[in-house]
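The values are calculated or read from the model by the stated rules, or taken from the named source; none is laboratory data. Owing to the predicted nature of the structure, the values given are computational and were not obtained by experimental measurement. A quick note on method: Cβ atoms are made from the backbone with ideal geometry, for glycine too, and the neighbour counts reach across all protein chains shown. For accessibility, only protein heavy atoms count, side chains too; no ligands or nucleic acids. Shrake-Rupley method; radii C 1.70, N 1.55, O 1.52, S 1.80 Å.
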Amino acid sequence: MYTLHAKVLDRNTNAELEPDTEFNIKIHDINDNAPRFEKEVFYASVPEMSEVGTSVVTVTATDADDQTYGNSAKLVYSILQGQPYFSVDSENGTIKTALPGMDREVKEHYQVVIQAKDMAGQMGGLSGTTTVSITLSDVNDSPPRFANHSFRVTTVESTEIGGAIGRIKADDPDVGHNAEMEYSIVGGHDTFNIITDQATQEGVIIIKKALDYESKRDYDFRVEVKNTYLDARFIHGVQFKDYATVKVTVEDVDEPPVFARNPYIIEVHEDTAAGSFVGVVLARDPDADNKPVKYVSQNMDPMQAGNYFLGFYGSELILTKDIRVWNISFTS
């Protein structure tokens, strides 16, 4: 708005012929400014599986033209790219979900192009655009599943209690805490336990009780895996757990023979002649009952070091020389 004051004067005398006249001059705006967004790229996220019409983000543009005159600064928003997944409110630029069941595990990232056009969107209006990068955030809508429902684990009988003998793993396409799992043995087990490795989300099978190849060589048990955290919106009609069978095979370790008794106490008369039978000791190999065992006398005559006084014939003890006092032990 401009204000102009004018007078009428006599050219010769400079006398005022008419009083001051005020002129108010208003310059009418023309549409010479296009709408502009604050950023070229906006970033936003929305949970997967959101209901249609869920608000994602609002992006607005500004127009330097006069908002009080005509439609030069009256903006209308539209979506140029991103349908049918998203829509935009034409009046305020709010982007909303437009498709049900949008699954992050199927498609996670979307590029949406929004246009703001002045002149109320009419033909001839000027426009500006921006890109909105939208990411679907994860919810726990996928249960854990074993790719294989049977696992085989092999271990040696000498494995220490508390030792890990193998790992199994279920898959969960979710991420973060939505993919955290817990493993357990159905009904428990006397010999084995399974714990969850929080770093890898694997089930680690460990020993609870000493193994013995000669007593039991094969075990099998059922393992359950389930999500640690559940989302009540998605548990209806879906079992958020799975099962697998684990078969454990115990391998033999070479073990030393074991005497039937320890110690053996054998009494012999002091005048027993050399070559006399004095007793029998028995040992067995725990790895194989029918495997031969060799017997050797360790202790020597305490009065004449290096001279054996006792020998074996099979498992029978034979006196090899006359002696009055001795202490003996045996190895097999």
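Here is how the numbers come out for the structure above:
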read-out	value
Note, ³J(HN,Hα) from phi for the stretch 76-84, Karplus 6.51, -1.76, 1.60, rounded to Hz, x at Gly and Pro	10, 9, 9, 9, 9, 8, x, 7, x
Theoretical gain in end-to-end length, S276 to L17 [0.36 nm per residue, Cα-Cα removed]	76.6 nm
Residues in the stretch 176-212 reached by a label modelled at R222 [backbone nitrogen below 12 Å; 7 Å Cα→Cβ]	185-188
Neighbour-limited loop hits for GluC sites (Glu not before Pro), the stretch 210-269 (at most 16 other Cβ within 10 Å; DSSP other than H, G, I, E, B)	E214, E267
Filtered GluC sites (Glu not before Pro), the stretch 38-79: DSSP coil and at most 14 other beta carbons within 10 Å	E38, E40, E51
At R0 = 35 Å, FRET efficiency that the Cβ-Cβ distance of T68 and V41 yields, to 0.05	0.65
Calculated FRET value between S55 and H28, using beta carbons and R₀ = 41 Å, to 0.05	0.60
Accessible area per residue in Å² at 1.4 Å probe, computed on the chain	62 Å²
Solvent-accessible area, 1.4 Å probe, carbon plus sulfur percent, for the stretch 152-222	45 percent
FRET efficiency, 1/(1 + (r/R0)^6) with R0 25 Å, evaluated for K209 and R145 via beta carbons	0.25
Cross-link pairs beyond the 23 Å C-alpha cut-off, checked among K209/K294; K96/K117; K107/K226; K169/K216; K216/K291; K39/K96	K209/K294; K107/K226; K169/K216
Interchain or long-range residues, amide H under 5 Å from V57's placed H	I95
Length released on extending from Q122 to H109, taking residue separation times 0.36 nm less the Cα-Cα span	1.5 nm
Share of carbon and sulfur in the accessible heavy-atom surface of the stretch 37-93 [1.4 Å probe, %]	44 percent
